[in-house]
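The values are calculated or read from the model by the stated rules, or taken from the named source; none is laboratory data. Being a predicted model, the structure only gives us computed values, none of them experimental. Please note: Cβ atoms are built from the backbone with ideal geometry, for glycine as well, and neighbour counts cover all protein chains shown. Just so you know, the surface numbers come from the protein's heavy atoms only, side chains and all, with ligands and any DNA or RNA stripped out. Shrake-Rupley method; radii C 1.70, N 1.55, O 1.52, S 1.80 Å.
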Amino acid sequence: MTGTIIENLSGRKLAVLVTLLLLCQVICFLIGGLVAPMPANTQTILGTVCKDTSVMKNDTSKWFYNRGKGSCQTVDLGETHHDLSERDIVFAFQMPVPREGERFDYSRWQQNLIGVLQLDVRYHSQMEVKPRSTVTIDARLAYRNKGDPDDEWKLYTQSIEKRNLDCDIDVKSEEYLYNCSTIPLFELGSLYHDYYLLNIRLPVNTPDMNVHIGHLQDIWVTVINQNGGFTKVWLSLKTAFFPCIIAILVWFWNRIHMLERKPVLLEKMLLSLGISLCLLNAPIEYLTLQYDLPFMLLLGDIRQGLFYATLFSFWLIFAGEHMLIQDTSSQSSLKQYWRHLSAVAMGCVSLFIFDMCERGIQLRNPFYSIWVTDLGTNLALTFIILAGISTGVYFLFLCYMVWKVFKNISHKRQALPTMCSVRRLHYEGIIYRFKFLMLATLLCAALTVIGFILGQVAEGQWKWDETIELEYTSAFFTGVYGMWNIYIFSLLVLYAPSHKRWPVNENTSDTQNLSEEIEFSPIPERSEISSLTSFIRKATID
Amino acid sequence: MAGPPIDMKWLCYIVIIMCLRCEAANKPRRGRGSMWWGIAKAGEPNTLSPLSPGVLYMDPAVHATLRRKQRRLARENPGVLAAVAKGASMAVAECQHQFKYRRWNCSTRNFLRGKNMFGKIVDRGCRETAFLYAITSAGVTHAVSRACAEGAIESCTCDYSHVDRAPHRSRAATAANVRVWKWGGCSDNIGFGFKFSREFVDTGERGKTLREKMNLHNNEAGRMHVQTEMRQECKCHGMSGSCTVKTCWMRLPSFRSVGDALKDRFDGASRVMMPNTEVEAPVQRNDAAPHRVPRRDRYRFQLRPHNPDHKTPGVKDLVYLESSPGFCEKNPRLGIPGTHGRTCNDTSIGVDGCDLMCCGRGYRTETMFVVERCNCTFHWCCDVKCKLCRTEKVVHTCL
């Protein structure tokens with residue numbers, strides 16, 4: 001009769017294992033905190049106002065930039081120009097910005113580029129910004145690579161986009177600036193080229209286009225990219241975890257195949273959890289160093305979503321399988337849990353649809369945003385609210401099931417002393433197993449939440465010591481990532497079937513127990529069904 | 001054979017003349033750290049060469065007002081002079097905006113060589129001077145940070161929070177810079193503006209005398225205001241755009257808000273004196289060798305309030321040494337034009353009211369018809385369509 005490893009592991013061995021895993025956890029945290037830089041870097045770029053002297057304005061081979069040979073002729077918007085129309089004004093943003101006398105270029109390790117727009121609008125009593133006005137932007141993005149001549153910009157993408165402009169002002173006095181909210185502009189899933197150039201025009205094609213945006217002074221674009229160092233540390237972590245999880249999965253599946261029975265639901269769930277973690281761990285980001293893969297952001301979301309979905313389902317099923325009351329009729333299967341799992345499925349599907357609507361379309365047009373149109377906003381909100389509701393329902397379900405398990409446990413506890421030793425051991429094993437996982441899960445979840453809140457509360461860097469600077473945000477990410485890997489690693493190890501036989505009853509003096517054991521002699525014959533289910537069933541027969 | 005002695009004589013003569021000139025140039029000792037303000041005039045369009053953006057054609061007279069170190073800084077950081085000029089003219093405009101309705105209205109003179117742009121008021125360590133120092137220093141900080149963001153100055157530095165590295169300009173350092181940028185990024189704009197302003201604006205102030213300490217303190221206060229008026233903006237870009245990953249950055253304030261904050265500090269400026277322990281120090285240290293105050297320690301001093309009941313001034317407070325002169329009457333010795341002919345508001349009881357503005361001299365009231373632009377509509381980008389309205393206006397002018 002076999003149980004899982006955790007039941008048969010001696011306290012000393014368990015302590016050693018847990019210590020080792022905790023050590024790994026601390027290492028993960030420290031790698032993020034001490035080695036890795038901030039996860040993302042921002043550069044705020046002030047737009048250079050260029051004068052477009054060309055006759056054909058739709059010419060996408062003509063680019064405006066402020067550095068290098070062939071840079072544009074600048075215009076000061078502070079003065080009035082009667083000879084200029086809106087078609088002659090181009091805001092040029094050349095990224096990255098030079099520093100230290102050096103013209104930096106983007107590295108492919110920097111992974112992605114997100115652009116945020118900020119408008120500086122000056123107050124003018126005669127041209128106030130209307131509360132919910134839209135600004136129409138003709139945005140063109142070009143790229144250039146190292147070694148290309150200064151003027152050889154090639155079109156990357158181009159789009160005419162509408163954005164909502166939310167501005168308010170405290171002091172309504174001339175020449176004060178409005179407080180305008182930031183406007184998301186673009187998201188590039190891959191940073192394949194070395195230099196990028198953004199040209200923005202504010203067209204007036206119809207009489208009511210761009211008229212209520214007030215007296216525009218400056219346009220700022222903040223570009224956010226992942227830091228190369230962070231990617232390197234992150235990828236090394238992935239590369240380290242990936243083979244570990246694969247190896248432990250193979251070992252786990254071998255263990256199960258060595259048994260004479262078919263794998264039970266919980267073991268299948270563990271396996272799928274391991275596989276989804278492998279998918280998350282697979283360091284396919286290495287490919288971005290060689291190829292242009294703009295779908296990486298989307299793929300990353302999908303991989304994460306898949307992992308969360310399996311993890312959530314696993315918790316549900318784990319609680320369900322430890323319910324200690326079960327109908328004897330059938331081997332438990334996924335079908336039994338359809339009601340519980342539908343919440344997870346619904347949440348995931350709605351998030352997936354939302355993500356496809358936003359980041360999926362951004363594959364075609366990086367300037368796309370679902371939040372601009374009313375229909376899109378409603379659609380996005382619907383999906384997010386649906387996902388939120390399903391998460392709520394899920395957690396209610398989970399709490400209810402855990403509560404029920406605990407009730408059953410306390411109920412069974414009372415009956416424990418009257419049982420025979422074998423059965424008592426089994427029940428104790430089940431209870432121990434469940435409590436162990438509950439403890440580990442709660443610990444992990446609590447640490448994640450606490451870490452997240454700490455990160456939100458204390459922005460920037462943490463200083464424990466004058467000499468040690470800890471990059472908290474990175475430490476949080478690597479720490480949490482390492483933690484869930486270690487969590488699943490230990491689940492796979494500890495909840496794998498054990499080779500050990502049940503200890504032969506030490507206290508067989510009790511004749512009643514003996515007799516009971518004889519009475520239940522058929523059990524060991526069909527022994528290798530997962531201990532818990534078999535015994536629960538027997539208990540119900542009882 | 002007759003050549004060399006004559007040459008020597010000439011040389012001596014030139015040297016003597018130069019020495020005399022040096023003496024003459026050093027005459028206005030107190031405000032000498034602020035001579036660069038004249039650069040504001042250079043920022044005006046007519047002296048700026050439109051052909052080469054970023055490269056400033058500098059009037060030699062303006063260039064002469066810069067100290068040697070300032071010229072070196074300008075040479076080492078191409079494009080920075082245009083930013084400094086813009087910052088200075090921005091500061092002048094802001095000062096004139098803030099003091100529009102006060103007796104002292106921050107008026108500037110036409111630029112004359114060897115004279116201060118704001119007049120001789122700068123020689124006095126009064127409130128107005130404190131504001132001038134603070135706003136100009138803030139202007140340079142702001143404009144240089146802005147130029148960094150635009151990419152107009154290529155030598156802006158990064159704030160490497162995780163790498164402690166001395167700035168070197170060698171090939172190895174360049175490679176290191178690129179490596180550091182690819183590893184940890186580089187996002188700092190205000191840091192360079194702040195540091196540059198310290199280098200450029202504080203050049204003349206060695207922090208030895210009380211007046212120099214006052215200037216240093218006010219310059220620093222101006223810079224601090226630019227830094228603390230910055231606003232944080234954030235963007236969430238985690239899974240599906242959620243806030244699991246959030247990146248924040250600081251946004252440069254509008255210069256108007258810096259000016260507002262400094263004006264508040266002007267109204268609450270504190271009069272200071274040297275702490276007792278340090279008053280004697282410069283007198284005792286009467287050795288021939290110029291005692292260089294280490295740069296780091298230049299900003300580490302504490303000024304004591306004149307009135308011991310007041311609290312000591314903070315980094316963002318403006319400080320002054322002596323009470324302001326009266327700005328009512330023309331005072332050629334201090335370069336004060338007086339409030340004669342200024343317009344005032346007869347209904348106000350504040351400083352812009354006719355009673356205070358005209359210093360009790362009374363005022364003249366005129367009714368005139370003004371043709372003004374009104375009902376303007378703005379058409380992006382550059383077109384403002386206005387109607388011309390003829391309005392009747394009552395104008396009060398101080399006698």
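Numbers at a glance
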item	result
Charge tally in the Cβ shell below 15 Å around B:HIS237, where Lys, Arg are +1 and Asp, Glu are -1, B:HIS237 excluded	-2
Solitary cysteines of chain A, where the nearest other Cys Cβ is not under 4.7 Å	A:CYS24, A:CYS28, A:CYS244, A:CYS278, A:CYS348, A:CYS357, A:CYS399, A:CYS420, A:CYS444
Partners for B:LYS120 among lysines (Cα-Cα distance below 27 Å; same-chain residues under 8 apart left out)	B:LYS27, B:LYS41, B:LYS69, B:LYS86, B:LYS100, B:LYS208, B:LYS213, B:LYS263, B:LYS316, B:LYS330
In degrees, nearest ten, helix A:374-415 long axis to first principal axis of chain A (Cα)	20
Cleavage-rule hits, trypsin sites (Lys or Arg not before Pro), the stretch A:363-435, DSSP coil, Cβ neighbours within 10 Å at most 11	A:ARG364
Solvent-accessible area buried by B and A, counting both chains, probe 1.4 angstrom, square angstrom	5900
Area accessible to solvent at A:HIS193, 1.4 Å probe radius, in Å²	20
Mean separation of Cα contacts under 8 Å (6+ apart) over length of the stretch A:1-134, as relative contact order %	21
Set A:LYS146/B:LYS195; A:LYS238/B:LYS246; B:LYS246/B:LYS311 screened for pairs whose C-alpha atoms are more than 29 Å apart	A:LYS146/B:LYS195; B:LYS246/B:LYS311
Sites matching trypsin sites (Lys or Arg not before Pro) across the stretch B:304-399 that sit in DSSP coil, with at most 16 neighbouring C-beta atoms within 10 Å	B:LYS311, B:LYS330, B:ARG333, B:ARG361
Percent of alpha-carbon pairs separated by more than 15 Å within the stretch A:1-74	77
Residue mean of other protein chain beta carbons inside 10 Å, B:241-252	6
Accessible area (Å², 1.4 Å probe, nearest 10) - A:PHE242	60
Net charge dipole size for the stretch A:246-299 [Lys, Arg +1 and Asp, Glu -1 on Cβ; Debye, nearest 20]	340
Largest-first principal axis extents, alpha carbons of chain A, Å	108, 43, 43
Packing rank of A:114-120, A:489-495, where each peptide gets the mean count of other beta carbons within 10 Å, highest leading	A:114-120, A:489-495
Residues of type lysines that A:LYS407 reaches as a straight line, Cα spacing below 16 Å, ignoring anything fewer than 8 places off in the same chain	A:LYS435
Cα long-axis angle, helix A:338-355 against chain A (0 to 90 degrees, to the nearest 10)	20
23 Å Cα-Cα reach of A:LYS335 towards lysines, excluding residues that sit fewer than 8 places from it in its own chain	A:LYS262, A:LYS268, A:LYS404, A:LYS538
Burial of 50 Å² or greater, the stretch A:154-189 residues [accessible area, probe 1.4 Å, versus chain by itself]	A:TYR176
Added length on full extension, which subtracts the Cα-Cα distance from 0.36 nm per residue, B:SER107 to B:CYS248	46.7 nm
In the stretch A:207-311, the GluC sites (Glu not before Pro) that fall in loop regions by DSSP, at most 14 other Cβ within 10 Å	A:GLU260
Which of A:GLN362, A:THR373, A:GLY451, positive extreme of dipole for the stretch A:356-475 (C-beta unit charges)	A:GLY451
Charge dipole magnitude, Cβ of K and R +1, D and E -1 - chain A, Cα centre, debye nearest 20	2200
Folded to 0 to 90 degrees: helix A:228-258 orientation relative to chain A principal axis, Cα	30
